Amino acid sequence: MDREPHGEWGHRLASLALERLGRAREAVDSAQEAVRLAPGSWAARLRLAGALRRIPGRWREAWAEAQKAVRYAPEEPGPHSLSGDLALARGDHRRAAAAYRAVLRRDHDHVGARVNLGLTFLGWEAPDVHHDPAWEVDPAETGQARRALQVWSWQVRGLLAIAMTAVAVAALGFDLHLQAQIGGAVVLGGVLAVTLRQAGKIRIWSHVPAMLGRDLWLSVAVSVAFFVIAAYVVGLATLPEPDTISWAWSGALGLVVFNPVAVGLLWLLVEAWRGRPVKALTEFALASSSRVARRNMDVALWIIAGRAWWGLLVLSVLPVPWIALAALAVPVAMVLVGRRANLRGVVRRDRWLVGALGFLVASAISLAVAGVVPGMARAWQGAWLALLAVAVAFCARAVRARWRGTPGPWRAALTRVELPTGDISPSSDLTDEVRHAVTFSRSVVLSYTGPDGPRSIAVSAVTSVSRSGELRVIAGEEAWEAVERDPRVAIFVGDPRFWAEVTGVAIADNEVLRITPRDVVVREYPGRQARVRT
C-alpha cells in the first residue's frame, strides 16, 4: 500500500491478511477501500464478499458482492465457489450445488468445490443450522435461545419421567392413589418454574419459529416436550387402581418414560435416509487427496451402512420368506460402493466400519439362504446376530470417538472445505505510454456486447484516467444499455508507435462509463507497410 497508495491490490491483500488474523471488521474496511479504488474489479468484489461473510448480519451484502464478482468474471472459478459457500451456509443446497458445478466446469480439480458438492448431496447442515446468516440478529443470541429451548426440553422430560415413575410406584405398588395424584400435580408447578426460568433467557422470541423451522432436531425436542406434558396430565387423570390398568394410562406412561428411546430411533432412521450418500461418496472419492474428503467419505459409508441395516431389518421381520431374496442387493451394492471408494484406505482409517460392512454382507447372505431353504431357523438367527453385530460396531465406534474427542460416524462429523476467499494476483496497471495514448489519441474504440452480438463504436472522449488506472469514457446510450446487460468491455487505442487493448468492466456513473482495467495488451505495429497505413 505504501508503494501503490492508489492501487487496489495492496488493500485487497491487506484485507485477506486481516481476515486470516481474525480481524474481520478491519478486513471489511480494507476490502471496501479496494472496491472504492477499482469498482469494476472482480477480485476486489470477491474479497469484499469474503470479508463480509465473517460479519454477523451481513450475509445479504456478501451475497450481492459475490454475484457482482460472478457477473464481472463469469469465467473465473473463485466467484462461483464463494457463491456456493454462501448458499451452503444458509442451507440452500440446490443453489450451492449449481455454483459448485460451475466451479468444476472451470476447474475440474478444485478440491473445495468437489467436497462441498458432495455435502449438498447429503443435505449437510452447519453446526449453527438454527441460525440464518441473513438475519441481522447476533448468532450468539440465537445460540443462547437454542440452548435455552434444549435445556427446557431436557429438564421437563427428565422431571416428568421421574415423577411419572414415582406416581406409578406409589399408586400401584403402595395403593396410594390419591396421594400419588396430588404429588404428581405438584410436580407441574416445577415444570412451570423450569419453563419461566428458561423463557427468561430468550430475548429473540420473534425468531424462534424460524429457528424451529430450520433446525429439525430442535423442533423435535420442543415438540416432544409438549407431548410429554400432555401425556403426563392424561396419565394423572387416568391413574388406575391396582389391576385396572387402561390403555390410555399405559400409552401416557410409555410416552413420558420412554420418549428418549423413541427419539433416538427416529434420529437413527432419519439420519440414515436423508440425502444421496452414494453420489456424495463419488465426489469425495474424486477429492480423496484431501483429508477432509477422506473423513467425509467414511461418514458417507456409515450412512450407506445404516441404510442397508434398516433395509435388512425390515426384510428379516416380513412374514413372506421369499422376499428375503431382496437382501442379495446389499452385497451387490457393497461391490459398487467399493469401486467408488478406496477400501484399502478405509481399512487403515476405520476398522469398525469395515467390520460393520462385513457383518451386513453376512446378514444379507443368511437372509437370502433362509428365504430359499424352508425351515432354516439358524439362518434367520444368524442374520439377526449379524445385524446386532453391526449395531455393536456402530456403538463401539461412537464411544471411541467420544472418548478420544475425534469425529464420530454421524452427520455432525461431516466437514466442508472453507478456503480463504480472494485472488492474490496483482491488478493490471496502465503504463504512462498507454495512459497518454488513451487520453490524447483520436482513434479510441469501445467494444461491447450488444443485443445482436459484439459491437464497436468510436468513443466520443476519454475524459480522464485516474491514478488507479480507471478509465472514464463518454459513450452513447446504446453502450450504456449494453453494459447493464454485460459489463465486460474492451478499449482499443491507436498510437503512431503501438496499439493497445484494454479489457475490463464498465460501470455507468454520472454520464460516464467507469472502466476498471483487467488485462492490458500492448503491441508494436508489424512492418513498414503497417506504419505507413497508420
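Observations, loosely collected:
- From the list R416, R488, R411, R518, the lone residue that is charged (D, E, K, R), touching a Leu at 6+ places or on another chain (Cβ under 6 Å) and within 30 Å of A89 (Cβ to Cβ) is R416.
- In summary, helices (runs of 4 or more DSSP H) completely within segment 1-119 and bearing 1 or more residues that are among the polar types (S, T, N, Q) occur at 8-20, 24-37, 59-72, 77-89.
- Only one of the listed residues (W322, W249) is exposed (fewer than 13 other Cβ atoms within 10 Å of the Cβ), part of a helix (DSSP H, G or I) and in contact with a helix residue (DSSP H, G or I) (Cβ under 9 Å, 6 or more places away or on another chain). That residue is W322.
- When G338 is tested against (1) within 30 Å of D107 (Cβ to Cβ); (2) under 26 Å from the mean Cα position of the chain (by Cα); (3) in a helix (DSSP H, G or I), only condition (2) is not met.
Conditions tested, residue by residue: (1) in a helix (DSSP H, G or I); (2) more than 24 Å from L119 (Cβ to Cβ); (3) modelled with pLDDT of 90 or more.
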| site | (1), (2), (3) |
| --- | --- |
| I365 | yes, yes, yes |
| W384 | yes, yes, yes |
| L387 | yes, yes, yes |
| C395 | yes, yes, yes |
| V399 | yes, yes, yes |
| T406 | no, no, no |
| T415 | no, no, yes |
| L419 | no, no, no |
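- Residue that is farthest from V187 (Cα to Cα) [pool: residues in segment 205-222 that are small (G, A, S) and open to solvent by less than 50 Å² (accessible area, probe 1.4 Å)]: A210
- Of all residues in segment 52-68, those being open to solvent by less than 50 Å² (accessible area, probe 1.4 Å) and closer than 17 Å to R485 by Cβ number 0.
- Condition check for R71: closer than 18 Å to A113 by Cβ and of a type outside the set (A, V, I, L, M, F, W, C): no
- Residues (within 40 Å of the chain's Cα centre (by Cα) and of a type in the set (D, E, K, R)) located in segment 150-201: R157, R197, K201
- Any hit, segment 131-147, residues being modelled with pLDDT of 95 or more, over 21 Å from S223 (Cβ atoms) and β-branched (V, I, T): no
- Qualifying residue in segment 380-394 (condition: small (G, A, S) and exposed (fewer than 14 other Cβ atoms within 10 Å of the Cβ)): no
- Residue in segment 265-282 that is without any contact (Cβ under 8 Å) to a residue 24 or more places away in the chain and either surrounded by fewer than 16 Cβ atoms within 10 Å (Cβ to Cβ) or among the acidic types (D, E) (or both) present: yes
- Close pairs (7 angstrom Cβ cut-off, 6 or more residues apart or separate chains): hydroxyl-bearing (S, T, Y) in segment 428-446, assigned to a loop (DSSP other than H, G, I, E, B) and surrounded by 14 or more Cβ atoms within 10 Å (Cβ to Cβ) anywhere: S441/D495
- Selection count, segment 289-319, where residues are in contact with a Gly (Cβ under 7 Å, 6 or more places away or on another chain) and open to solvent by 40 Å² or more (accessible area, probe 1.4 Å): 1
- Between L86, L117, the distinction of being modelled with pLDDT of 95 or more and within 16 Å of A293 (Cα to Cα) belongs to L117 only.
- Residue satisfying condition, being open to solvent by 60 Å² or more (accessible area, probe 1.4 Å), in contact (Cβ under 8 Å) with a residue 12 or more places away in the chain and of a type in the set (V, I, T), within set V234, V156, V129: V234
- Contacts under 8 angstrom Cβ, first residue in segment 72-83 being within 14 Å of A98 (Cα to Cα) and without any contact (Cβ under 8 Å) to a residue 24 or more places away in the chain, partner open to solvent by 20 Å² or more (accessible area, probe 1.4 Å) and of a type in the set (K, R), 6 or more apart: S83/R95
- Yes/no for A185 being surrounded by fewer than 16 Cβ atoms within 10 Å (Cβ to Cβ) and either closer than 30 Å to I303 by Cα or of a type in the set (G, A, S) (or both): yes
- Selection from segment 193-204 of residues that are touching a residue at least 40 places away in the same chain (Cβ under 8 Å), assigned to a helix (DSSP H, G or I) and open to solvent by 40 Å² or more (accessible area, probe 1.4 Å): T195
- Residues of segment 32-51 classified as over 13 Å from S15 (Cβ atoms) and open to solvent by 20 Å² or more (accessible area, probe 1.4 Å), total: 1
- The set of residues in segment 357-367 being farther than 12 Å from A389 by Cβ and open to solvent by less than 10 Å² (accessible area, probe 1.4 Å) consists of A364, L367.
The values are calculated or read from the model by the stated rules, or taken from the named source; none is laboratory data. Just so we're clear, the structure is a prediction, and the values are computed from it rather than from any experiment. Quick reminder, even Gly has a Cβ in these numbers, built from the backbone with ideal geometry, and neighbours come from all protein chains shown. Heavy atoms of the whole protein, side chains included, go into the accessibility calculation; ligands, DNA and RNA do not. Shrake-Rupley method; radii C 1.70, N 1.55, O 1.52, S 1.80 Å.
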